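Derivation of every value follows stated rules applied to the coordinates shown; laboratory data play no part. In this text the structure is predicted, and so the values were computed from the model without any measurement. Counting neighbours? That spans all protein chains shown, and the Cβs are built from the backbone with ideal geometry, glycine included.
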Amino acid sequence: MEHRCSVRLPVAINVLLYHNNIPVVHCKTRNIGADGMFVRTGSLKYGTNTMLKVEFKPEEGHDIHSHLMPAMVVHHANGGMGLMFPGGNSEAMKVWRNIVRRMVLQNSINQVDTLLKQNRNESPGFGGFGNSVKLVHKAKLSVA
């Protein structure tokens, strides 16, 4: 049984997995959270509790430094592995949590935008109000 401390988002990020400090496989995440990720590794599997390292870049073109974090294999399923990040306040962990925060914020914005579009389509009188909410919503985003 899995015990997660954070919500997972369906996000694909390129990562490089290391085992014993040797790069093993380039893969993509299927979902991410503040405390871990699920990576698509195909048939490659390591035993539960195996310690790996995950290398990632915050965003393509925005950061010349990649970050390396320890991760523990917690389960296998559907062509991949669930990884958990041990606690800590390393620089890499801070960068990772910022990435997750941005993804959560963007996901929330997308959900609100979808709801506003649905409401405009269902209720003709709601259109003007929906546009106003969206403009205020975007203004707040640009300040943050």
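I want the local charge near residue 78. Using Cβ-Cβ distances under 10 Å, sum +1 for each Lys or Arg and -1 for each Asp or Glu among the other residues.
Surrounding charge for residue 78 is +2.
Quick one: divide the alpha-carbon radius of gyration of the stretch 63-120 by 2.2 N^0.38 Å and tell me what you get.
Relative to the 2.2 N^0.38 Å estimate, the stretch 63-120 comes out at 1.59.
With labels modelled as points extended 7 Å from the Cα through the Cβ direction, what inter-label distance (nm, one decimal) is found for residue 12 paired with residue 90?
So the label points at residue 12 and residue 90 sit 2.7 nm apart.
Expressed in nm to one decimal, what extension gain is obtained for the pair residue 21 and residue 97 from 0.36 nm per residue of sequence separation less their Cα-Cα distance?
25.1 nm
Using 0.36 nm times the number of residues separating residue 113 and residue 40, minus their current alpha carbon distance, what extension gain do you get?
Length gained between residue 113 and residue 40: 23.3 nm.
For the stretch 14-84, report the % of Cα-Cα distances exceeding 22 Å.
14
Answer with one residue from 33, 43, 16: the one whose Cα lies farthest towards the positive end of the charge dipole of the stretch 14-84, charges on Cβ with Lys, Arg +1 and Asp, Glu -1.
Most positive-ward Cα: 43.
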